[in-house]
Amino acid sequence: MNKTESAAVLEANDVSKTYGELEVLKDVSMEAERGRVYALIGPNGSGKTTFLKILAGLLPPDSGEVLRRTGGAERAVGYLPQQPSFRDGFTVAETLRFYTRLLDEKMGDGYVSEALGDVGLSDASNRRVSGLSGGMTRLLGVAQSRVGDPPIMAVDEPTSGLDPEMTGRIFETLSGVADNGTAVLLTTHDLDKVVRHADKVVLIYDRRIAGSGSPDELVNEHERESLASVFDSVVRGGGRG
């Protein structure tokens, strides 16, 4: 399939990035389709977050290109950082209403109520954001990043520091976002949840992609018993697997 025929909503070709003398990414390529969850995994410092920000358009690559075929969507990419922050004096509903009006003043309370329901925060709509737990703040961040229904969503470590119950809840919410036709790209260290929820895994190590495919495909390709074992073998084996 050539580029003009590609069904991918997002395509990165030979992306490289350097900070000073430190080369973080070298000739990294991937594609993403709507309706699927893509997990970027790798050890700390491997370049996952840098690559995610480049895919989201928040950082320019030093070389290579990123194509986003979003069909003229009003908001092409929704981005959720690892530690989202909101104004303490606002309630949950007021916070989301603020962001909807930035995009489209015609979005009313009905949109806000539906969006909070989608992430399980209906009962917390009148709670001050300063009183939210870390997990509930992340869920509000998911709702905020979905305002305008962007076809691409980039999420950085959405479950870092959360308990298992909230971790599962957030992954299920992101899977639901993908089921509604969004390409969801996330960085994570939670390999158990990756196995359960990701359609494709991109393993980044030593500036490059060391493996790519569904969790089962990676396990079979590397002849290991689990994705965690694949991860360990690639890192300990210097990227060879």
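Give me the log10 of I(q) over I(0) for the chain at q = 0.17 Å⁻¹, as the Debye formula computes it from C-alpha points; what are the numbers?
Rounded to two decimals, the profile gives -1.28.
Hey, any idea what % of the chain's accessible area is carbon plus sulfur with a 1.4 Å probe?
Ligands and nucleic acids excluded, carbon and sulfur give 42 percent.
Divide by every residue of the chain the summed helix terms, -39500 (n - 2.57) for each DSSP H run of at least 4, and state the resulting mean residue ellipticity at 222 nm, rounded to the nearest 500 deg cm²/dmol.
After summing the helix terms and dividing by residue count, I get -10500 deg cm²/dmol.
Can you give the Rg/Rh ratio of segment 165-241, where Rg is from the C-alpha atoms and Rh is the Kirkwood radius?
0.99
Between residue 82 and residue 172, what is the spin-label point distance in nm, taking each point 7 Å from the Cα along the Cα→C-beta axis?
2.6 nm
Just to check I understand the Karplus step: with θ = phi - 60° and J = 6.51 cos²θ - 1.76 cosθ + 1.60, what whole-Hz values come out for segment 47-61, glycine and proline as x?
So the Karplus estimates, Gly and Pro as x, are x, 4, 5, 4, 5, 4, 5, 5, 4, 7, x, 8, 10, x, x Hz.
Can you tell me which of 73, 115, 178 moves the most in a GNM of the chain? Springs connect C-alpha atoms under 10 Å apart.
Greatest mean-square fluctuation among the candidates belongs to 73.
Which whole-number percent gives the relative contact order of segment 97-226, counting Cα pairs below 8 Å spaced six or more residues apart?
17 percent
Could you work out the relative contact order of segment 1-69, using alpha carbon pairs under 8 angstrom and six or more residues apart, expressed as a whole percent?
Reported as a whole number, the value is 42 percent.
Under a GNM of the chain (C-alpha, springs under 10 Å), which listed residue has the highest mean-square fluctuation: 154, 228, 32?
228
What share of the DSSP beta bridges in the chain is antiparallel, in percent to the nearest 5?
50 percent
Rank 113, 133, 46 by mean-square fluctuation in a GNM of the chain with C-alpha springs under 10 angstrom and give only the top-ranked residue.
So, out of 113, 133, 46, the one fluctuating most is 133.
Could you state the number of Å between the C-alpha centres of segment 43-116 and segment 169-241?
23 Å
The values are calculated or read from the model by the stated rules, or taken from the named source; none is laboratory data. Computed from a predicted structure; not experimentally measured. For neighbour counting, all protein chains shown are included, and Cβ atoms are generated from backbone atoms with ideal geometry for every residue, glycine included. Surface accessibility is based on the protein's heavy atoms, side chains included, excluding ligands, DNA and RNA. Shrake-Rupley method; radii C 1.70, N 1.55, O 1.52, S 1.80 Å.
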